[in-house]
Amino acid sequence: MRVDLNLPEDRVGPRPRRASKRVWVGGVPVGDGAPIAVQSMCTTLTHDVDATIRQIERLQEAGCEIVRVAVPDRRAGEALKELVRRSILPVVADIHFDYKLALMALDARVHKLRLNPGNIHNKEGVREVVRRAKAQGTPIRIGVNFGSIPDKEPGEVRDDAQRMVDLALSEIRILEELDFTDIIVSVKAFEVPKMIAAYRRLAKAIPYPLHLGVTESGTLLAGSVRSTAGMSVLLYEGIGDTIRVSLSEDPVMEVKAAFDILKSLELRDQGLTLVACPSCGRADIDLIPLAKVAEERLRALPVPMKIAVMGCEVNGPGEAKDADVGIAGGVGKGAIFRKGKVVGVYPEADLMDALLAEIDKILIENGKEPYSHKAPKLSHEGQLTPGRSVPAGTRT
């Protein structure tokens with residue numbers, strides 16, 4: 001019996017991206033094959049313009065491409081004009097309950113509106129917003145959250161995923177009736193299977209870009225895992241055009257988590273990709289803090305680069321031979337390797353400097369500026385402890 005292992009559905013890498021309309025959010029393209037855009041949301045009070053701008057600048061430095069701000073009241077709405085003027089990123093106004101706040105956001109020339117059809121019930125007000133958005137060329141995200149949809153009526157046979165999809169479709173019809181098609185759509189839920197089902201169904205029903213996310217996903221570890229579990233399935237299937245990882249955390253961490261998801265699926269190639277083994281009894285070097293130091297010092301790399309921090313000769317140049325450059329640990333020392341070939345051996349205390357020097361060589365060879373002089377300073381001072389002095393094979 002012969003099995004064809006090269007069928008399209010079995011090939012290495014994500015499925016082809018779902019075809020969709022392209023929508024521009026400021027200068028950022030979303031959909032129609034554009035790179036999957038990374039979003040986050042400010043945690044500051046929007047009316048505190050200075051604090052919000054400082055956070056937006058930090059998000060931009062981390063790689064964020066679109067930023068959303070809450071507009072819960074008129075004070076926030078009145079701050080939007082100054083915020084939009086000063087923001088380095090396209091600004092999305094997050095609107096719930098009161099359509100008049102969306103009109104204020106349009107007056108401020110925000111780059112996109114997010115409307116929640118689950119809690120904006122004045123449909124004539126929505127139509128007024130849509131007409132204004134169309135005249136100004138401002139796109140709208142129809143953002144359905146499971147927590148905002150109406151309770152089930154007696155005898156309801158649709159599952160929750162379908163109820164989210166149907167609510168999104170009913171709102172899309174309002175926009176399409178007004179010949180408005182600069183639309184992005186999301187159907188988020190906390191429960192990953194429900195979220196996946198809703199997006200799969202919606203992807204078949206509409207031609208618009210999809211914004212992926214898991215709502216209220218949680219703290220850094222739990223939320224990152226839950227978001228990855230949900231979004232990776234869809235992204236691998238070619239579904240999704242922009243993402244936000246929602247965390248109870250500094251929003252900069254949302255951006256880092258988002259890029260890690262996209263880089264893991266080989267959907268974005270940007271900056272540092274750190275390969276590090278989990279360490280074990282074979283390791284002859286203090287691997288875990290070394291990997292943390294490497295991640296911190298290399299996080300601002302301006303070009304895509306895969307860098308490995310490995311604990312021993314087993315997981316060293318061989319296992320990480322596709323890394324551009326890396327460290328393989330030894331007894332109180334380590335080897336620096338490039339594409340699996342050792343280029344130098346250094347004491348453990350000198351390894352990080354040696355790695356940075358090798359990265360500079362690679363950059364210069366490719367016509368780029370060296371990186372080491374502008375690498376973030378080490379804040380893990382004291383975490384690197386002396387290397388293990390007893391070889392792995394002779395420990396008792």
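The values are calculated or read from the model by the stated rules, or taken from the named source; none is laboratory data. It should be emphasised that the depicted structure is a prediction, and the values quoted were computed from it without experimental measurement. In this analysis, Cβ positions are derived from the backbone assuming ideal geometry, glycine residues included, and neighbour counts consider all displayed protein chains. Side chains included, ligands, DNA and RNA excluded: accessible areas come from the protein's heavy atoms. Shrake-Rupley method; radii C 1.70, N 1.55, O 1.52, S 1.80 Å.
All conditions in (1) in contact (Cβ under 8 Å) with a residue 40 or more places away in the chain; (2) open to solvent by 10 Å² or more (accessible area, probe 1.4 Å) hold for PRO117, with the sole exception of (2). Considering the range 88-114, and only residues there that are in contact with an Asp or Glu (Cβ under 8 Å, 6 or more places away or on another chain), of a type outside the set (D, E, K, R) and without any contact (Cβ under 8 Å) to a residue 60 or more places away in the chain, the residue that is nearest to THR52 (Cα to Cα) turns out to be ILE88.
I'd like the full set of residues that are open to solvent by less than 40 Å² (accessible area, probe 1.4 Å), within 21 Å of LYS194 (Cβ to Cβ) and of a type in the set (Val, Ile, Thr), limited to the range 123-171. Correct list: ILE142, VAL144, ILE149, VAL165.
When ASP4 is tested against the conditions (1) touching an Asp or Glu at 6+ places or on another chain (Cβ under 9 Å); (2) at pLDDT 95 or above, the lone failure is (2).
In the range 54-70, is there at least one residue being farther than 18 Å from LYS112 by Cα, at pLDDT below 95, open to solvent by 20 Å² or more (accessible area, probe 1.4 Å) and touching a strand residue (DSSP E or B) at 6+ places or on another chain (Cβ under 9 Å)? Yes - at least one qualifying residue is present in the range 54-70. Evaluation of LEU103 against the conditions (1) closer than 21 Å to ILE56 by Cα; (2) open to solvent by 10 Å² or more (accessible area, probe 1.4 Å); (3) in contact with a helix residue (DSSP H, G or I) (Cβ under 9 Å, 6 or more places away or on another chain); (4) of a type outside the set (Ser, Thr, Tyr) shows that the sole unmet condition is (1). Residue check: ARG85 meets all listed conditions (1) without any contact (Cβ under 8 Å) to a residue 12 or more places away in the chain; (2) basic (Lys, Arg); (3) under 27 Å from ASP179 (Cα atoms) but one, namely (3). Among the residues of the range 7-53, those identified as over 18 Å from LEU113 (Cβ atoms), among the aliphatic types (A, V, I, L, M) and modelled with pLDDT of 90 or more are ALA19, ALA34, ILE36, VAL38, LEU45, VAL49, ALA51, ILE53.
When the range 151-209 is filtered for residues that are among the charged types (D, E, K, R), assigned to a loop (DSSP other than H, G, I, E, B), under 19 Å from LEU113 (Cα atoms) and touching a strand residue (DSSP E or B) at 6+ places or on another chain (Cβ under 9 Å), only ASP182 remains. Restricting GLY367, GLY387 to residues that are at pLDDT 75 or above and either surrounded by fewer than 15 Cβ atoms within 10 Å (Cβ to Cβ) or in contact with a strand residue (DSSP E or B) (Cβ under 9 Å, 6 or more places away or on another chain) (or both) narrows the list to GLY367.
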